[in-house]
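Everything on this sheet refers to the single structure shown next.
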Amino acid sequence: MKRDGPSLWIHEPGKAGRRVPARLVSRVVVIGNVRLDTDALTLFTACGVPITFMDHGGRVLGAALAYDIRPEDFRDRQHALAEDQEAATQIELWMEGARRKGRLDMVRRFAPSFAREFESLGFRELDYINSISVLCAEEDACICAVVGAVSGLLHELALENILGLSLDPHAGIVYRRENFGLSKDIVYMLAGEVDWQVISFFQARQHGELIQRCGSTATLTGKGTQAVIQQFEDRRPALENKIGSLLDGYFQFLRGIEPATVF
């Protein structure tokens, strides 16, 4: 992938090259060994498009972001929120509630009987894990491979939305003082969505050619990665709505914090 003026020139082995205007690109996820020259990197960052680098297991290795030194009122409020113990406790409870609701919605979708038990007896982590093992009776290594890929893609989508609102992606609450903490918080709250996509992946297709086993571990093949990405893109509009709703809730907490309390 190389820069060609305001466009990108993309070449894949065995295929004719194609030109894509950079203004049409809103997301960049690099998986594996892709040749990407520095001109292309700076083109994306100048347009405010984050570049996320992932391995084939879905682990986020890094990201290239635009260097923005403009003072942002809400960024000050984010850091104040993390340091205000009472406010941080409240938002942690809200995040836990959002995570629980998302997981319960997932169980309602795939196993209404389990959902009714949770609603009558209470939602317990162990019961939820047991229900997942029934709904997705696959080897742990295979499940982990798909979980990693979906989580990585969701992290990138959350990051794109966070940067679009000029928020600090590192100002997390659950993942406080971690790089990309706020993006990780969003993925944490959307744990039910990750499980939804993992279960859908295994129920919808034979995965013999999609997952490669190596001893006690497993990774997605090229076809497997494409299958996960296609399924993720099919869910993208719904995911963006969910992320937007969560960020709206996050803003409600920010509005109650005075930026002057930052030291």
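The figures follow:
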item: Cβ-defined net charge surrounding Asp4, 15 Å radius [Lys, Arg +1; Asp, Glu -1]; result: +4
item: Label point distance in nm, Lys223-Val25, each placed 7 Å from Cα along Cα→Cβ; result: 2.9 nm
item: Long-range HN-HN contacts of Leu8 with modeled amide H, under 5 Å; result: Val20, Ala22
item: Charge context of Met106, other residues only, Cβ under 9 angstrom, K/R +1, D/E -1; result: 0
item: Carbon + sulfur, % of accessible area of region 1-132 - ligands and nucleic acids excluded, 1.4 Å; result: 53 percent
item: Karplus (6.51, -1.76, 1.60) ³J(HN,Hα), θ = phi - 60°, over region 32-39, in Hz, Gly and Pro reported as x; result: x, 8, 10, 7, 10, 6, 5, 4
item: Accessible carbon and sulfur surface of region 140-245 relative to its total accessible area, %, 1.4 Å; result: 50 percent
item: Calculated [θ] (222 nm, deg cm²/dmol) that DSSP helices of n ≥ 4 give over the chain, each run adding -39,500 (n - 2.57); result: -19000 deg cm²/dmol
item: Residue-normalised accessible area of region 174-263, expressed per residue, 1.4 Å probe, Å²; result: 53 Å²
item: Net +/- balance of residues flanking Cys136 in space, Cβ distance below 14 Å, scoring K and R +1, D and E -1; result: -1
item: Overall form of region 1-155 per C-alpha gyration tensor (a/c, 1.5; a/b vs b/c); result: oblate
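The values are calculated or read from the model by the stated rules, or taken from the named source; none is laboratory data. Just so we're clear, the structure is a prediction, and the values are computed from it rather than from any experiment. Glycine gets a Cβ as well: all are built from the backbone with ideal geometry, and neighbour counts include every protein chain shown. Surface areas here come from the heavy atoms of the whole protein model, side chains and all, with no ligands, DNA or RNA. Shrake-Rupley method; radii C 1.70, N 1.55, O 1.52, S 1.80 Å.
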